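*Asks:* Below are the structure tokens for one structure; questions will follow.
The values are calculated or read from the model by the stated rules, or taken from the named source; none is laboratory data. Note that the structure is predicted; figures quoted are calculated from it, not measured. Neighbour counts run over all protein chains shown; Cβ positions are idealised from the backbone, glycine included.
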Amino acid sequence: MADDKDPKLALFELYLATAEKVSDRRAQANSWMLSVNSAIVGLYGYLQADKMAVGAAQKAVWLWAIPAAGTLVCVAWTSLLTSYRKLNRAKFEVLTQLEADPIPPFTRENEAYRRDRRWSLSYIETLIPVCFVLLYAVLLIVAIVTRNTG
């Protein structure tokens, strides 16, 4: 009987659902950004393997431009993750305030998480674009060294 439901519990459930939707959107954004970065790396490898009919001067430009573009994508990705993390943090602060006695589940979970000194998933997922940035830096350095020695 939905009419008998406690209004505070209904609000809590509704707000929890909005927090879950934010997490789902963040996961979709991660998948999309990972796909974009994979395509960028693939394009770089394809160009590096001389599979494209591009002159030496154009190839040199592309070998610099592709890692630069990838780095910009990673900066956008990191900004997006930061925004989602802040939004989720705010939502869970509200959920924590809405928690009713006797057992506040989010508060207890957070305390256990801190006690175990675990890294948050938000922090871990932020390492992915950082790894791509490092890859792009290496590709850029290789392009510079190859151009100067070749």
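*Asks:* Go through region 46-58 and give me each residue that's surrounded by 10 or more Cβ atoms within 10 Å (Cβ to Cβ), over 30 Å from the mean Cα position of the chain (by Cα) and not aliphatic (A, V, I, L, M).
*Replies:* Initially, region 46-58 is screened for residues surrounded by 10 or more Cβ atoms within 10 Å (Cβ to Cβ), giving 46-48, 52, 54, 58.
Now drop any that are not over 30 Å from the mean Cα position of the chain (by Cα), which leaves 52, 54, 58.
Once the filter is applied, which keeps residues that are surrounded by 10 or more Cβ atoms within 10 Å (Cβ to Cβ), over 30 Å from the mean Cα position of the chain (by Cα) and not aliphatic (A, V, I, L, M), region 46-58 yields only Gln58.
*Asks:* Pick out the one residue from Leu95, Leu63, Leu72, Leu121 that is in contact (Cβ under 8 Å) with a residue 60 or more places away in the chain and either closer than 30 Å to Asp50 by Cβ or surrounded by fewer than 13 Cβ atoms within 10 Å (Cβ to Cβ) (or both).
*Replies:* Numbers: Leu95 fails: either closer than 30 Å to Asp50 by Cβ or surrounded by fewer than 13 Cβ atoms within 10 Å (Cβ to Cβ) (or both); Leu72 fails: in contact (Cβ under 8 Å) with a residue 60 or more places away in the chain; Leu121 fails: in contact (Cβ under 8 Å) with a residue 60 or more places away in the chain.
After ruling out the rest, the residue left standing is Leu63.
*Asks:* When region 95-104 is examined, which residues are found to be of a type outside the set (D, E, K, R) and either at pLDDT below 75 or in a loop (DSSP other than H, G, I, E, B) (or both)?
*Replies:* As a first pass, look at region 95-104 and keep what is of a type outside the set (D, E, K, R): 95-98, 100, 102-104.
Within region 95-104, Ala100, Pro102, Ile103, Pro104 meet the criteria.
*Asks:* Moving on to the next point. Restricting attention to region 11-51, which residues are aliphatic (A, V, I, L, M) and over 19 Å from Leu140 (Cβ atoms)? Reasoning before the result, please.
*Replies:* Taking region 11-51 first, the residues aliphatic (A, V, I, L, M) are 11, 14, 16-17, 19, 22, 27, 29, 33-34, 36, 39-41, 43, 47, 49.
Those that are aliphatic (A, V, I, L, M) and over 19 Å from Leu140 (Cβ atoms): Leu11, Leu14, Leu16, Ala17, Ala19, Val22, Ala27, Ala29, Met33, Leu34.
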